Every structure is written in structure tokens, then in C-alpha cells.
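As C-alpha cells, the structure follows; a few thoughts come after it.
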Amino acid sequence: MAIIPKRCEMPVQDAAVRAHNFNEVALGYTVEMAVAEAGRCLNCKNKPCVEGCPVNIAIPDFITKVKQGDFEGAYSVISMSSSLPAVCGRVCPQESQCESKCTLGIKFEPVAIGRLERFVADRHNECGLDNDLLPAPNGHKVAVIGSGPSGLTCAGDLAKKGYKVTVFEALHVAGGVLVYGIPEFRLPKKIVAKEVDALKRYGVDIQTNVVIGKTLTIDDLFDQGYEGVFIGSGAGLPNFMGIPGESLKGVYSANEFLTRSNLMKAYAADSHTPIMHAKRVAVIGGGNVAMDAARTALRLGAEHVYIIYRRSMEELPARREEVEHAEEEGIEFKILNNPVEILGYRNPNDRRDPKNGFVTGIRVIKCRLGEPDERGRRRPVEIPGSEYEIPVDCVIMSIGTSPNPLIKNTTAGLEVNRRGGIVVEENTGKTSRDAVWAGGDAVTGAATVILAMGAGKTAARAIDNYISGKK
Amino acid sequence: MYKIIKKRVLNPTVTMMDIYAPLIANKGRAGQFIILRVDDDGERIPLTIAGCDKSTGTVKIIFQVVGATTMALNAKAEGESICDFVGPLGCPTKTDGIKRVCIVGGGVGCAIALPVAQEFASLGAEVHSVVGFRNKDLVILEEEFNACSDKLIIVTDDGSYGRQGVVTAPLKELLESGEQYDEVIAIGPVIMMKFVVETVKPFGVPVTVSMNPIMIDGTGMCGGCRLTVGGKTKFACVDGPDFNGYEVDFDEAMERSTMYADFERREREEGCNLFKKEMK
Ligand SMILES: Cc1cc2nc3c(=O)[nH]c(=O)nc-3n(C[C@H](O)[C@H](O)[C@H](O)COP(=O)(O)OP(=O)(O)OC[C@H]3O[C@@H](n4cnc5c(N)ncnc54)[C@H](O)[C@@H]3O)c2cc1C
Ligand SMILES: Cc1cc2nc3c(=O)[nH]c(=O)nc-3n(C[C@H](O)[C@H](O)[C@H](O)COP(=O)(O)OP(=O)(O)OC[C@H]3O[C@@H](n4cnc5c(N)ncnc54)[C@H](O)[C@@H]3O)c2cc1C
Ligand code: FES
């Protein structure tokens with residue numbers, strides 16, 4: 001059989017059109033495309049792709065089913081290892097995971113595993129049959145804190161084993177970053193809602209508007225008869241750089257900007273939540289969060305959106321597809337640039353001028369790449385005297401997060417590391433506190449959906465072992 | 001859904017409601033707040049907990065009708081429900097070691113100040129309250145303040161009730177007359193809090209202020225509520241809302257609060273128009 005060197009392209013909305021709407025960018029494979037792409041898989045013996053997957057999905061097996069046209073069969077294979085294939089197929093950094101290991105990829109383009117995963121999940125969501133057989137209740141109660149991918153997965157796995165699971169979520173909707181962070185054009189909210197509905201059908205009780213550490217403490221949960229608690233509370237508080245001008249009007253954290261747009265629907269014309277519709281926007285940072293903020297700003301009507309990143313294109317931590325899509329849409333990359341000050345308007349003659357305090361620009365310094373740091377990424381070194389100004393009216397900080405101390409401060413005996421992340425045993429997710437497990441960004445710091453999902457699965461297994469082994 | 005158990009109009013623009021939220025009623029303390037959404041597509045807004053009743057499971061809120069969301073809330077009747085109600089958020093007011101306290105409240109800030117005054121009174125502290133309003137019609141909670149204060153001074157801008165003037169004048173007199181306070185607590189418009197700090201400064205008494213920046217999540221996730229306090233960035237929803245008045249950058253806070261002034265005005269006008277249409 002002849003090898004097809006190039007992967008089958010996935011249809012996308014035209015860049016010029018999608019830059020002005022919030023509809024999904026990538027449109028997904030058709031049946032023909034999926035079968036053709038699946039046909040490229042060599043079905044090699046050592047299956048390196050499986051190693052590359054953080055949750056070890058039996059990738060060649062599901063691809064074989066696709067090749068055979070057995071899409072439901074493919075879905076069953078994926079479901080054995082993953083709870084959120086429609087999400088992961090869209091947002092996983094496949095190029096640095098499964099696809100980076102693909103044997104075909106040594107000489108040619110790797111099999112488009114992510115696109116196939118997405119196809120299988122979407123196909124199932126459209127026409128698959130859900131197995132709604134409710135498990136027999138086993139009489140045990142478990143509490144899950146946070147409804148991001150780690151919490152949803154942990155809740156789902158336990159509910160399927162008959163546990164009575166309650167998910168406590170601080171916000172007014174469930175989904176975590178999947179609803180308030182990642183925009184509609186990359187992950188339609190109806191996909192997340194579908195996952196949440198499926199959990200409800202399994203009897204999971206989702207209590208929104210409950211902040212653990214405030215409304216209830218972990219000790220309260222034990223008093224209420226929960227036998228185990230999983231903490232999946234996410235990455236936490238946004239960082240700022242500490243440069244002058246960060247309090248000016250028009251400076252956002254990416255979390256705030258995206259929350260206003262996604263969660264509060266500020267992008268819709270009739271929304272009651274305000275958001276700035278800036279003409280020139282600077283986004284600081286180079287991760288997925290920065291790409292999402294930049295592309296959201298563009299869709300809100302910006303004429304120029306700059307990504308300001310202190311390393312080079314090679315080091316950009318965002319998914320490659322997002323960087324490509326951003327470039328196609330006209331996002332301008334100011335790489336090897338680091339902000340030193342945000343500039344604002346001040347009318348010297350009129351303290352009441354309504355324009356006072358709004359952003360007018362950002363001063364940046366050029367960098368070059370120096371020696372690699374401990375993680376092997378080359379360190380940016382500022383070039384003295386190279387500062388210049390870029391006129392902008394909005395600046396979005398997307399430079400990472402620090403753990404939220406809320407749960408730690410209200411839970412005696414819960415150990416955290418120097419950075420504030422919850423300390424857990426690697427194989428179980430067990431914390432230093434009896435009957436409490438944790439996983440996802442709350443443990444690792446900002447990471448990925450698949451790792452959070454995997455941590456939820458690991459903890460669900462450990463919680464089941466613990467509770468079923470008690471008597 | 002969270003049911004409105006009781007609704008009482010305090011003055012033409014200030015309304016009090018008891019909301020059924022037993023979990024919050026169990027935990028809420030003076031100085032903390034809740035965040036609510038009136039309807040499914042509504043904005044999230046913070047309001048201070050003006051009291052909790054564990055026996056009825058209700059949380060009291062007192063709000064001034066200033067814009068679209070507070071208008072929508074005010075349009076709800078007793079027995080109706082609101083969509084979301086989450087809390088208690090923020091840190092409770094610190095009361096440790098305070099035996100004599102002067103509470104200074106301005107306008108609807110008095111609603112936020114009342115539970116703090118009540119808390120001190122219940123702990124046996126001597127409470128002096130200085131509360132200010134624009135005019136007689138806007139005076140609220142006089143009876144309640146009277147009940148928990150050892151001394152109560154009411155001022156109005158136009159002198160139509162109580163003393164004429166702003167709150168800083170009687171505050172200064174109290175301090176000059178030799179009253180020794182362990183702490184002054186100021187709650188009201190940012191500009192008022194700024195002047196209270198300036199008034200108290202020469203007397204060397206600690207001042208706590210309760211800040212009210214624009215918020216969304218109220219859990220520390222967005223950073224929209226940030227303030228500069230002692231030169232450092234603080235999130236009012238998790239680190240506050242109470243801060244050391246000598247360290248807060250008030251000018252910056254005032255400026256930041258006007259970020260969406262245009263949008264808010266449009267929303268308010270639309271809200272009014274809608275309301276008028278419904279009345280016809
Ligand atoms: C804008 C953006 C884009 C991203 N893009 C990608 C991508 O393309 N690919 C990828 O793999 N990853 C991406 N990520 C990262 C990924 O979304 C996260 O790693 C993942 O969501 C972490 O899941 P989690 O379950 O740990 O927490 P989260 O998804 O953060 O969910 C935590 C939930 O817990 C709730 N919570 C917090 N504290 C409490 C409390 N005290 N009580 C009750 N509830 C609480 C929160 O409100 C939240 O809903 C992105 C992240 C962001 C912000
Ligand atoms: C911790 C805290 C406690 C508060 N307690 C009370 C209280 O007990 N009683 C009371 O009447 N008011 C209180 N406020 C103020 C109250 O939240 C605002 O009046 C309300 O949000 C106005 O919403 P609106 O849509 O009706 O008006 P808008 O027209 O939207 O705004 C009017 C004013 O409210 C401010 N505001 C708007 N949206 C928000 C928001 N999401 N968060 C904070 N401020 C906002 C604006 O800066 C503006 O000055 C408190 C604010 C905070 C931060
Ligand atoms: S309101 Fe979002 S961090 Fe305080």
C-alpha cells in the first residue's frame with residue numbers, strides 16, 4: 001500500500017470571515033476524510049503514539065475501527081481511557097503528544113490523531129446511542145470540588161460505579177476553564193453542556209454557587225456524610241508583571257477578559273456585562289490563553305492585535321494549530337519583545353477629563369535568546385537601549401497564574417508545595433489529608449485538559465479502592 | 001433559584017431584601033459580601049451581607065438602585081426568586097482587641113456599615129457612629145444604628161435632617177474632644193473614605209476602609225477587582241474588601257471604577273425605557 005505523505009486537511013471557516021464571528025473555526029472531518037486519514041495509519045507494532053498520550057488511549061485500535069467504518073466501535077475504544085474526547089480532540093496539544101511519536105511522522109506528516117478523535121466523538125454525539133443504564137447505587141457519598149475537566153471526569157467515573165456524587169462549583173455554571181476560559185470559536189459551549197448533562201443523567205448532583213472554603217469547608221463535607229473528597233479547583237489567581245501602568249483602565253488579565261466574553265457573553269450585542277471593544281490590543285504572553293485572548297479581541301472588532309512574547313516563535317507554548325490560525329486571522333506577533341511599562345492618558349489641565357487613566361500605549365524592550373534555562377528553553381536577554389513604544393488602547397496580561405489559597409487556608413493538614421500547589425501521591429492523587437484527593441491544575445499549576453482529565457480518572461480509581469476497601 | 005422572602009423599601013432609592021440562602025446564612029459574618037445574578041443573562045454584582053438569620057435561613061441585603069442590575073433586582077417582588085446568590089465572599093471585618101470604635105458611613109455605605117457596628121456592639125465594644133446622607137429623604141437605618149451605637153451622629157449635606165455638613169466634621173470634633181478610638185472604620189463612597197483617612201491621620205488612629213471595586217467572579221480568578229495597597233497589587237474579593245486606609249491608593253481606585261461609565265449609562269437608560277414601556 002502506498003504511503004500518503006500528507007495528512008488530510010480539516011476544513012475551516014475562511015480566515016477573513018471567522019475573524020469577525022464567534023462560530024467554531026475548525027469544522028471537522030467528513031466521513032470520507034476520516035476514513036481516508038485513518039487509512040494512513042501504518043498500524044505499526046510498537047505503537048509509540050500510545051506512549052505519547054498522557055492517558056494512553058489505544059490509538060491504533062480506534063483508528064482501525066474508523067478505517068473499517070465502525071465509528072461507534074472507535075468511540076468505545078477511546079471511552080475506555082478518556083471521558084472527554086470531543087473536548088480533547090479539539091484542544092489537546094497533539095503535536096507534542098501522540099502525533100509527535102507517530103512512526104509515519106519520522107519521514108512524513110504524522111497521522112492526524114486529534115482530528116480523528118474529534119470526528120469519532122462528534123459522530124457519536126450526533127448519532128450514537130448513549131448507554132443510559134443507571135448503575136445500582138452503592139450507598140456511598142463522594143464530594144467533588146470544581147467542575148473543570150478533572151472534577152467532571154472524577155465525578156463521572158465514580159457515578160458509573162454507583163457512588164452518589166455531588167459536584168460543588170463556585171461559579172454559576174459548570175465546566176471550569178472549558179466554559180469561562182476557552183472561547184466558543186475553539187470549543188463550542190454546547191459540547192461542554194452535553195458532557196455536564198451526561199453526568200446529570202448518571203445521577204451526579206451539580207451544585208453551582210458553592211465556594212468550598214467559604215460557603216462550606218471540607219470538614220463540613222465530612223460532617224455531611226461524604227466519605228471522600230476530590231479537589232479539582234484549577235490554576236487560581238492571574239499574575240501581573242508588576243510594571244508601571246498595570247492599574248490603568250484598559251488593562252485586563254486574560255482571565256478577566258475571557259470570563260467577560262465567554263462566561264458573561266459580553267461578545268453578544270445584548271449582553272449586560274461590559275467589555276472593552278478596543279481598536280489596538282497588546283496581549284502579553286505566548287500560551288493558549290494568550291492566543292485565545294488575542295483572537296477574542298480581534299473578533300470584538302480590534303484592527304490591530306499584537307502578541308508580545310519575550311522568546312521566539314519556536315518557544316511559543318501554545319498549540320501549533322492555534323498559532324497558525326491566529327496568524328491567518330491577522331494577529332501580529334511581536335516576538336523577542338518584553339513590556340517595561342504601560343502608558344496612559346493624563347490631561348495636565350483637566351483632572352476631570354474622562355479620558356484620564358485610559359491606556360494609550362505600551363513600552364517594550366527587544367530581547368535576544370541567551371543560554372537555555374533549567375527546562376531547556378533559551379532564556380530571553382534584554383538588549384539595552386532597544387526600547388520602543390507601540391500605541392494600543394488595551395493590554396491583556398496572560399503570563400500565568402498562582403494557586404488560590406482559599407481551600408488550603410480552610411483545610412487543616414492539607415499540604416501544599418513551595419509554589420502553593422497541592423501535594424499529592426503521584427499514582428493515586430491522594431493528598432496529605434485523610435480521605436482527600438486532588439488533581440488537575442490545582443496540583444500541577446496551569447497545564448492541559450488531558451492531564452486534568454487523567455488526574456480525575458486516577459483519583460476516581462483510588463477513591464473507589466479506598467471506600468470499597470473500608471469494610 | 002433563591003427566593004425573596006421579604007422586601008422593604010427603605011427610601012426612594014434604597015431597598016432591603018431577605019433572600020433564602022441557608023448555607024450562606026450559616027456562615028456569613030460582618031464585612032463579607034455575596035455576588036448575585038438576577039436573571040439568567042444578567043450581570044454578576046456584589047452586595048454586602050447586611051445580616052444573617054440562621055433560624056430562617058435568610059441573608060439580608062440592602063442596595064441602592066444605581067444602574068441596570070440593581071434596577072432589575074428592585075423590580076422583583078416578595079415571593080419571586082433570583083437566579084444566583086453565592087457567598088459569603090471576602091474576609092470578615094477584624095474585631096480582635098478593639099474596645100472602642102468609630103464607624104463612619106456614607107449613603108448606602110451605611111447599609112454596609114450597620115452589620116459591622118452591630119458586630120462590635122455584640123462583642124461589647126463601645127461604638128460611636130457617624131452617618132451621612134445627602135438629604136432627609138435618603139436617611140436609612142436610623143433606628144438600627146441607634147440600637148447598636150453608644151453615640152450616633154447623623155449629618156445631611158443640606159441640613160434637612162441632623163447636623164448639616166459632611167461626616168468628616170463631627171468625626172474631627174470627636175477626635176479633638178479627646179475620644180480615644182482603637183480604630184476608625186469608614187464605609188461609603190471612595191472619596192469619603194479618602195477624606196476620612198486624611199481627617200484621622202493627625203490623630204494616629206488606625207483606619208480601616210471597605211473597598212468596592214468592580215467584580216466578576218469574587219473568588220480571585222479574574223483580577224478585575226485589583227487595587228494598589230501599600231504599593232502592592234491586592235484582589236479586593238479575596239484579600240479584602242477591608243484594607244488599611246493609610247495604604248490604599250484611592251485616586252487609582254476612583255479612576256478604575258469609571259472604566260465602563262459609558263456602557264453603564266446606556267444600560268441604565270435602556271433599563272428605564274423598558275420600565276416606562278412596561279408601565280404604559
Ligand atoms: C484560555 C485558556 C485556554 C486553554 N487552552 C487549552 C488548550 O487548548 N488545550 C489544553 O489542553 N489546555 C488548555 N488550557 C488549560 C486547561 O483548560 C486546564 O489545564 C484545565 O481546564 C484544568 O482543569 P481543572 O479541572 O484542573 O480545573 P479548571 O478547568 O480550572 O476548573 C476548576 C473549577 O473549579 C472551580 N473552583 C475553584 N475553586 C473552587 C472552590 N473553592 N469551590 C468550588 N469550586 C471552585 C472553578 O470555578 C472552576 O470551575 C487552557 C486554559 C485557559 C485558561
Ligand atoms: C464588596 C462590595 C460590596 C458592595 N456592597 C453594596 C451594598 O451593600 N449595597 C449597594 O447598594 N451596593 C454595594 N456595592 C456596589 C454594587 O455592587 C454596585 O452598586 C452594583 O454593582 C451596581 O450595578 P448596576 O448594574 O445596578 O449599576 P451600574 O450602572 O452597572 O454601575 C453603577 C456603579 O456600580 C459599580 N459597579 C458596576 N458593576 C459592578 C460590579 N460588577 N461590581 C462592583 N461594582 C460595580 C460601577 O463602578 C458604577 O459606579 C458593593 C460593591 C462591592 C465591590
Ligand atoms: S472579582 Fe475576580 S478576582 Fe476579584
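The values are calculated or read from the model by the stated rules, or taken from the named source; none is laboratory data. Note that the structure is predicted; figures quoted are calculated from it, not measured. As a convention, Cβ positions derive from the backbone with ideal geometry for all residues, glycine included, and neighbour counts pool all protein chains shown. Surface accessibility is based on the protein's heavy atoms, side chains included, excluding ligands, DNA and RNA. Shrake-Rupley method; radii C 1.70, N 1.55, O 1.52, S 1.80 Å.
Listed by chain and number, the lysines whose C-alpha is less than 16 Å from the C-alpha of B:Lys3, apart from same-chain residues fewer than 8 away, are B:Lys54, B:Lys60, B:Lys76. Net charge of the neighbourhood of B:Val155, taken over other residues with C-beta under 11 Å away and scored Lys/Arg +1, Asp/Glu -1, is 0. At a probe radius of 1.4 angstrom, the accessible area of the protein assembly as shown per residue rounds to 43 square angstrom. Considering only the other residues whose Cβ falls under 12 Å of the Cβ of B:Val59, what net charge follows from Lys and Arg at +1 and Asp and Glu at -1? The answer is +4.
In this simple spin-label model, placing a label point 7 Å from the Cα along the Cα-to-Cβ direction at both A:Glu425 and B:Lys76 gives a separation of 4.6 nm. A full extension of the chain between A:Tyr388 and A:Glu415 corresponds to an added length of 5.2 nm, given 0.36 nm per residue minus the alpha carbon distance.
What is the Å³ per residue value for the convex hull set by the Cα atoms of the stretch B:1-87? Looking at the stretch B:1-87, the number lands at 82 Å³ per residue. Between A:Asp373 and A:Ser79, full extension at 0.36 nm per residue minus the direct alpha carbon distance yields a gain of 102.0 nm. With distances taken between every two different alpha-carbon atoms, the stretch B:212-280 has a Kirkwood hydrodynamic radius of 13.8 Å.
R0 = 22 Å: FRET efficiency of B:Asp40 with B:Val9, Cβ-based, nearest 0.05? Taking R0 as 22 Å, the efficiency between B:Asp40 and B:Val9 is 0.30. Applying 1/(1 + (r/R0)^6) with R0 = 45 Å to the Cβ-Cβ distance of B:Val66 and A:Asp70 gives a FRET efficiency near 0.15. In this structure, B:Asp137 and B:Asn26 have a Cβ-Cβ separation that, at R0 = 35 Å, corresponds to a calculated FRET efficiency of about 0.45.
Is the C-alpha gyration tensor of the stretch A:15-127 telling us rounded, prolate or oblate? Criteria: a/c under 1.5 is rounded; beyond that, a/b larger than b/c is prolate, otherwise oblate. In terms of gyration-tensor shape, prolate. When a/c reaches 1.5 or more, the comparison of a/b and b/c decides; with that in mind, is the stretch B:93-210 rounded, prolate or oblate per its Cα gyration tensor? It comes out oblate by the Cα gyration axes. For A:Ile206, enumerate residues with amide H under 5 Å from its amide H, sequence gap 5+ or separate chain, H modeled in the peptide plane. Amide H neighbours of A:Ile206, under 5 Å, 5+ apart: A:Val167. Secondary structure note: in the protein assembly as shown, about 50% of the DSSP beta bridges are antiparallel. Surface composition of the stretch B:212-280: carbon plus sulfur atoms hold 51% of the accessible area, using a 1.4 angstrom probe and ignoring ligands, DNA and RNA. Computed in the context of the full set of protein chains, the accessible area of the stretch B:93-210 at 1.4 Å probe radius has 49% of its extent on carbon or sulfur.
For chain A, the membrane-span-like helix rule (DSSP H, alpha carbon extent of at least 24 Å along the helix axis, mean Kyte-Doolittle at least -0.5) picks out A:449-468; this says nothing about an actual membrane.
Other residues lying with their Cβ under 13 Å from the Cβ of A:Ile331 contribute a combined charge of -3, Lys and Arg counting +1, Asp and Glu -1. A Stokes-Einstein calculation at 37 °C with viscosity 0.692 mPa s, built on the Kirkwood radius of the protein assembly as shown over Cα pairs, returns a diffusion coefficient of 117 µm²/s.
Applying a length cut-off of 18 Å (Cα extent along the axis) and a mean Kyte-Doolittle floor of 0.5 to the DSSP H helices of chain B leaves B:109-122. Put simply, the amide H of A:Val305, placed in the peptide plane, has neighbours under 5 Å in A:Val281, A:Glu332, leaving out anything fewer than 5 places away on its chain. Of the residues A:Thr217, A:Cys127, A:Gly330, the one whose Cα sits farthest towards the positive end of the charge dipole of the protein assembly as shown is A:Cys127 (charges of +1 on Lys and Arg Cβ, -1 on Asp and Glu Cβ, taken about the Cα centre). In summary, the lysines within cross-link reach of A:Lys279, defined as a Cα separation below 25 angstrom excluding same-chain residues under 8 places away, comprise A:Lys249, A:Lys265, A:Lys334, A:Lys355, A:Lys366. Projected label points at A:Asp353 and A:Phe108, each 7 Å from Cα along the beta carbon direction, are separated by 6.4 nanometres.
Computing the accessible area with a 1.4 Å probe over protein heavy atoms, can you report the carbon and sulfur percentage for the stretch A:15-127? Ligands and nucleic acids excluded, carbon and sulfur give 54 percent. Residue separation of B:Glu269 and B:Tyr161 scaled by 0.36 nm, minus their Cα-Cα distance, works out to 35.8 nm of gained length.
Histogrammed with a bin width of 5 Å, the alpha carbon distances of the stretch A:240-399 distribute as 2, 9, 18, 20, 20, 15, 8, 4, 2, 1, 0 percent, first bin at zero.
If only the Cβ of Lys and Arg carry +1 and only the Cβ of Asp and Glu carry -1, the dipole of the protein assembly as shown around its Cα centre is close to 960 debye.
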